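One structure below.
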Amino acid sequence: MNPIQLVAIFAENKPGQTARVTGILANAHINIRCATLASTGKFGVMKLLVNDPELACQALKHEGFPATLIEVLAVALPDKPGALHAIADCLAKDGLNLDNLSGFVVNQRAVLVLEVQKVPRAREVLQKQGLHVLAPEELLAL
């Protein structure tokens with residue numbers, strides 16, 4: 001299975017930076033499907049789920065932004081109380097830590113994007129529990 005990749009961009013935390021990043025991606029015909037932004041003081045990290053992570057990373061680097069790709073897992077599950085707990089508990093019982101997490105709801109399903117240290121092991125653990133780990137094509141088709 002091909003990996004799902006987030007584009008992570010390290011940028012100065014100042015007015016206009018998000019517009020610069022999104023402008024670069026728009027000009028490269030990159031579609032942003034999900035975005036997170038976290039800042040601590042003078043700097044921040046944007047993480048973007050896009051239709052073409054390689055091209056997005058190249059375009060951003062070309063314009064001087066430090067950008068990298070992060071392999072993640074996306075899990076689709078029912079949009080109901082306890083769904084996130086099921087994921088967190090499953091990983092915890094196997095000694096796997098959730099480093100970062102984001103999510104959204106679409107078509108009455110919750111989709112969680114998980115950053116973990118051991119992606120192949122986490123995929124295996126989640127699938128053994130009957131959880132649906134999405135392929136990149138499935139995720140981008142939502």
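The values are calculated or read from the model by the stated rules, or taken from the named source; none is laboratory data. In this text, all values refer to a predicted model and were calculated from it rather than measured experimentally. Positions of Cβ are generated from backbone atoms using ideal geometry, with glycine treated the same way; all protein chains shown enter the neighbour counts. Only protein heavy atoms, including side chains, enter the accessible area calculation; ligands, DNA and RNA are left aside. Shrake-Rupley method; radii C 1.70, N 1.55, O 1.52, S 1.80 Å.
Couple of notes before you dig in:
- Between helix 17-27 and the chain: long-axis angle, C-alpha atoms, 0 to 90°, nearest 10: 90
- Note on PHE10: accessible area is roughly 100 Å² with a 1.4 Å probe, heavy atoms of protein only.
- Phi angles of the range 90-104 translate, via the Karplus equation with coefficients 6.51, -1.76, 1.60 and θ = phi - 60°, into HN-Hα couplings of 4, 5, 4, 4, 9, x, 9, 9, 7, 7, 8, 8, 9, x, 7 Hz per residue; Gly and Pro are given as x.
- Within the accessible area of the range 1-75, the carbon and sulfur atoms contribute 53%, probe 1.4 Å, all protein chains present.
- Annotation: per residue accessible area for the range 16-104 equals 55 Å², rounded to a whole number [probe 1.4 Å, protein chains only].
- Placing a label point 7 Å from the Cα of GLU71 along the Cα-to-Cβ direction, the residues of the range 95-123 whose backbone N falls under 20 Å of that point are 95-102, 112-123.
- Relative counts (whole %) of C-alpha pair distances in the range 47-88, using bins that are 5 Å wide: 5, 18, 22, 13, 11, 10, 11, 8, 2
- Counting lysine pairs in the chain whose alpha carbons fall under 24 angstrom apart, excluding pairs fewer than 8 residues apart on the same chain, gives 11.
- Summed side-chain charge close to LEU140 - residues other than LEU140 whose Cβ falls under 14 Å, Lys, Arg +1, Asp, Glu -1: -3
- Computed log₁₀ I(q)/I(0) - Debye formula, equal Cα scatterers, no solvent, the chain, q 0.14 Å⁻¹: -0.68
- Only helical runs count toward this figure. For the chain, summing -39,500 (n - 2.57) over DSSP H runs of n ≥ 4 and dividing by all residues gives -10000 deg cm²/dmol at 222 nm.
- Accessible area ranking (1.4 Å probe, heavy atoms, ligands and nucleic acids excluded), largest first, for SER39, SER102: SER39, SER102.
- Taking every protein chain into account, the 1.4 Å probe leaves GLU71 with about 80 Å² of accessible area, to the nearest ten.
- Under a model in which nothing but the beta-carbon of Lys, Arg (+1) and Asp, Glu (-1) is charged, the chain shows a dipole of about 240 debye around its Cα centre.
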